[in-house]
Structure formats: C-alpha cells, structure tokens
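Enquirer: Sharing a structure with you now.
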Amino acid sequence: MQTLPLIQHLIDGQLVDGGSRSQHVFNPATGKPEKRLLLADKATVEQAIASAHAAYPAWRATPPLKRARVMSKLKVLLEENAEQICALLTAEHGKVLGDAMGELQRGIENVEYASYAPELLKGEHSKNVGTGVDSWSEFQALGVTAGITPFNFPVMVPLWMWPMAIACGNTFVLKPSERDPSSALLVAQLALQAGLPPGVLNVVNGDKEAVDTLLADKRVTAISFVGSTPIAEYIYATGCANGKRVQALGGAKNHAVVMPDADIANAVSALMGAAYGSCGERCMAIPLVVAIGDATADAVVAGLKIEIAKMKVGPGTDAANDMGPLVTQAHFEKVKGFVDQGVAEGATLVVDGRGIRVPGHEEGYFLGACLFDHVKPGMVIYQEEIFGPVLGVMRVNSLQEAMDLIDAHEYGNGTCIFTRDGEAARYFSDNILVGMVGVNVPLPVPVAYHSFGGWKRSMFGDLHAYGPDAVRFYTKRKTITQRWPSAGVRDGTLFSFPSNR
Ligand code: NAD
C-alpha cells in the first residue's frame, strides 16, 4: 500500500507528530486521497498553548517596530513563494490557480497592514487632565490568542488573524481547516523564516477535539473564528462562557438587487463571477439575484444562460478553466441535494449543472453551474446557505420589497445593488440590514485597512475581522493617570471625588 505524505503540527518552531487519530486530505479534482493529516489530541494542543504561553513575555517586550519588520519580511517571502503556496491551495481546495493567487494577494495585504502596527498601536495622551496630572491610554497585548479557520479561504482567512495578533505583541495558536490545511502550514513556516521566534506562532491540525481544547484552556485569552453559523454560535457562546474575548464570523446568503435601470450586461458579467467564482464557496458569493420587475428578471436570466454556456469547468490547475470542483465528496452530495430539493420545491431549473463530466477527472467533485428562476422566500434553497455553484433568481415589484426580503433573512453578511440611480443606491446602502454593501460592486469585500464583518447571524461579537477593528480586538486598553508632586509640596487628603469643578 502506498504511504501518503503526513501533515504534522508546527509547535515551538518544529514540525511534530501529535494525536493518534488521522484522516485523509483529498485532491477534489481527482477524488484521490493525497495526504494523511494528523488530528491533534488535547495533549498536543496543550503543548502548542504552552509554547505560545512561554514565548509571550519576550515577544510582548520586543519593540513593535521589530515585530512589524517580521511582517515586512514575510510579505516578500509570500510573494516569492506564491506559486508553491497556490499550488498547494488548489491541490486541496480545488479553486482555479488565478483565484488562489487573488486570495493570496488579499492575505498579503493583511500582512502589509500588520506591518504598520507601530503606528496603529499609538495610544492617546492628554496633558493636565487636572492640575499637574497627565493621563494616557495604551493598547496592550492580551497574551495567547487563537484562530480557527474554514476551508474556503485556507490562506487568506488565517492571514486575517495572526499577523495582526502577533504584530500587536500576542502569541498565537492556529487551527486551520482539516480539509485543506497545507497552505496555511507553509505560510506559518515562512513566518518562522521571516524571523518569528519559536512559539510565537503555532499550528495545530485537528477537529472538534482541538477546538474544544482551545476553548477550554484558561491560557487562551481570545479566539477568532470564521466558519459556518452553527459552529460560530457554539464558539462564541462557549468562548464567552469561559471568559475569553471572541469574534465568530458565520455563514451567509447574499442577495444582489438588480434595478430596471441597471446596465444589465454589466450586472450579468459581475454576477457570473460572484455566483460561480470559487465554485460558489465564498462567504461573500452571490447565490441570489432579486430582480425588480419581470422584464429585468427575464433579461438577467437570458444573459446568465448565455454566459453559463461559455463557462469552462475542470481542474483548477488548468488556466483555461473558470471553475474547479467542490471541496469534498460530502460537500458535493450536499450541494447536489439542494439542487434536487429546489426542483422538488417548484423553482424553475433553467440551467442544470448536475451530471457534468470532466474527461480524465471522472472521480472529481465537479458540479456545473446551476441557475434557478422563480425562487420564493419559503423555499429551502432560499433560506439555507448552499455554498456551491447555484444561483437563484427572485422576482419582486419594488426596491422596498427587495429590501424587506433581505432584511427578513437570518444572514446579513454582504449584499449589492446594480443601478444607475444614485438616490436608490444611497437609500439602499443607508438602510439595508447587512454589514457589507456594494453599489455596482458584486463582492464588496473590504480592503485590508478597513474591517470585515456581517450583521445578524453572520457574525457573533462586536469587533469585526482585520483592519482597524483587529488592532482593538487583539489589544486591551489600559489608562494611566500620573502626577509627580513637586518636591516639598504635600497633597492634602481629598475625601470628595476628584474633578475639575
Ligand atoms: P465549518 O464551520 O464546518 O468549519 C470551520 C472550522 O470549525 C474548521 O476549522 C473546523 O475544524 C471547525 N469545526 C467544525 N465543526 C466543529 C465542531 N462541531 N466543533 C468545533 N469546531 C468545529 O466551516 P467550513 O465548512 O470550513 O467553511 C464554510 C463556512 O464558513 C460557510 O458557512 C461560510 O459562509 C463560512 N465563512 C464565513 C466567512 C465570513 O467571513 N463570514 C468567511 C469564510 C467562510
């Protein structure tokens, strides 16, 4: 029997074994197991936490500029090793290489932003808050912090978290997705090469046992999570109950509103990428179009049909392809099941991607683009996150009706509007109950120097991911009030509350 390469953990600067359980990591384009992943047990995760705990005092005491320089070096290393990182990413996730490059670039921009940490960590100072009294606030590191990340952005989402956490003086334990963990591990190794001392960043591979150990351990002060809503809610509730600071980003069901005055050709081409890019496995993907009026809906559906017919589906390693496979066999079955259900629920399946064959890759998890028309609010394919290449078109009569629909949905991650009407766009972006809004921009994913987060059940916690919110999430404010009495001058006892009255 062929022995598959083993994926280990990165603890205290070393690749190590740990845990008696393991599972296969598959190549979704071939359906073949290509690696064996060790699943960390409690003792292994505790070893990683102990390493991060031991590394913390010296790292916290390291001048911010020196910490930030590691990020500057890492940015260069990521650029130099981009091809290798993206090859690993595509081999395990399935997304096309160009998309993997885009993901990596967005991750690099977070590393770049973290390299501004000395500027971002500057406190606030007030002189003479009372006679001879000065006061200032500073932002201190928390200690050992942790991140738990999803399969769909295996490189970028970890880079939303640990570069800023570490640049702020914390140490970190990362638990990447067990479905495609290799690229995050390689990036962590590059961070060591860039100059991170052992123990500052540790990676444990694993599943619920690893996550539950991070949630329970008192040494872990804060947890960042990105994944599905049921797990996000569990992480938030358990982490908070255990006294940790938690930000937990969950699932999504993003609506794109198309107004009758929109440039339909432009909207259609934007929707194609937003619905089917990365096989729909993006939390900011657009799985729903809400067309205002039947004429708009008819034009959008006709345009999408033409564009879908031109799409190329196949392995992500072939630059000619627009869309790769779904991530696992189980996810393939789940997404296909949603398409079956949509048909049974009475939505009109305009384009059926089931049964697609990719020559030479018959065992791969390929599903072609699917397009539904006449999707209705009560349907399961409307309510639930499908996370696959399935786009549904809904028909309503007014912008307000579209907005009421969006506001009533349990998720509120992203949304967008296609229109030429500035007033409508302004009303929409001002009032819609969604965290990230695009105007003629289908995927309004904030850049690294803004923060990312949804509303409603798309996010649990107050501070959003990356950007300025991350600086606040990974630090705690301390306010110091100071007075140096002049020699020989004695303060009298003050029984009343000190004030400037
Ligand atoms: P997932 O919730 O299955 O897994 C995410 C992480 O949680 C993984 O590391 C996994 O090992 C861990 N996990 C899974 N089950 C667990 C359990 N029972 N107890 C403890 N830990 C557990 O998510 P996924 O399938 O990897 O990712 C897709 C989901 O992530 C989608 O819902 C997508 O919308 C969401 N997502 C959201 C954002 C965002 O920013 N809001 C970004 C990317 C992905």
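The values are calculated or read from the model by the stated rules, or taken from the named source; none is laboratory data. Bear in mind the structure is a predicted one, so any value in this text is a computation, not a measurement. Using ideal geometry, Cβ is built from the backbone for each residue, glycine included, and neighbour counts are taken over all protein chains shown. For the accessible areas, the whole protein counts, side chains as well, though only heavy atoms, and no ligand, DNA or RNA atoms are used. Shrake-Rupley method; radii C 1.70, N 1.55, O 1.52, S 1.80 Å.
Enquirer: Out of all DSSP beta bridges in the chain, what portion is antiparallel? Express it as a percent rounded to 5.
Expert: Bridges in the chain that DSSP calls antiparallel: roughly 45 percent.
Enquirer: Next up: Let me have the 222 nm mean residue ellipticity of the chain computed from DSSP H runs of 4+ only, each contributing -39500 (n - 2.57), with the sum over all residues rounded to the nearest 500.
Expert: That calculation yields -12000 deg cm²/dmol at 222 nm.
Enquirer: Now for a different question. Could you work out what % of the accessible surface of the stretch 255-439 is carbon and sulfur, using a 1.4 angstrom probe and leaving DNA, RNA and ligands out of the count?
Expert: Carbon and sulfur together cover 51 percent of it.
Enquirer: May I pose another question? Using per-residue counts of other Cβ atoms within 10 Å, averaged over each peptide, order 319-331, 131-143, 194-206 from highest down.
Expert: Values: 319-331: 19.5, 131-143: 15.7, 194-206: 23.8.
In decreasing order of mean packing, 319-331, 131-143, 194-206 become 194-206, 319-331, 131-143.
Enquirer: Another one. Using a 1.4 Å probe on the protein heavy atoms, what percent of the accessible area of the stretch 87-210 belongs to carbon and sulfur? Before the final figure, lay out the partial values.
Expert: Details: 1840 of 3410 Å².
Summing carbon and sulfur atoms, their accessible area is 54 percent of the total for the stretch 87-210.
Enquirer: How about the stretch 328-367: which trypsin sites (Lys or Arg not before Pro) there lie in a loop by DSSP and see at most 15 other Cβ atoms within 10 Å?
Expert: In loop regions of the stretch 328-367 (DSSP not H, G, I, E or B), the sparsely surrounded trypsin sites (Lys or Arg not before Pro) are R354, R357.
Enquirer: How would you rank 180-189, 59-68, 144-153, 36-45, highest first, on the average number of other Cβ atoms within 10 Å across their residues?
Expert: The densest-packed peptide leads the list: 144-153, 180-189, 36-45, 59-68.
Enquirer: Take the alpha carbon atoms of the stretch 136-184, find their center, do the same for the stretch 201-236, and report the distance between the two centers in whole angstrom.
Expert: Comparing the Cα centres of the stretch 136-184 and the stretch 201-236, I get a distance of 11 Å.
Enquirer: Provide the net charge surrounding L196, with neighbours chosen by a C-beta distance below 13 Å and charges set as Lys +1, Arg +1, Asp -1, Glu -1.
Expert: Numbers: positive: K66, R67, R69, K73; negative: D12.
Net of charged neighbours comes to +3.
Enquirer: For the stretch 129-134, just list the computed ³J(HN,Hα) in residue order, Karplus coefficients 6.51, -1.76 and 1.60, θ = phi - 60°, integers in Hz, with x standing in for Gly and Pro.
Expert: Values, residue by residue: 5, x, 4, x, 10, 10 Hz.
Enquirer: May I ask for the angle, rounded to the nearest 10°, between helix 399-408 and the longest principal axis of the chain, with both axes built from Cα atoms and the value confined to 0 to 90°?
Expert: For 399-408 against the chain, the angle is about 60 degrees.
Enquirer: Hey, can you find the accessible area per residue of the chain for me, probe 1.4 Å, expressed in square angstrom?
Expert: Ligands and nucleic acids excluded, the result is 42 Å² per residue.
Enquirer: Right, something else. What percent of all Cα-Cα pairs in the chain falls in each 20 Å bin, counting up from 0?
Expert: Reading the bins upward from 0: 23, 51, 22, 4, 0.
Enquirer: May I pose another question? Kindly flag which residue pairs out of K95/K218; K376/K456; K66/K478; K305/K336 have an alpha-carbon separation exceeding 30 Å in this structure.
Expert: Beyond 30 Å between Cα atoms: K95/K218.
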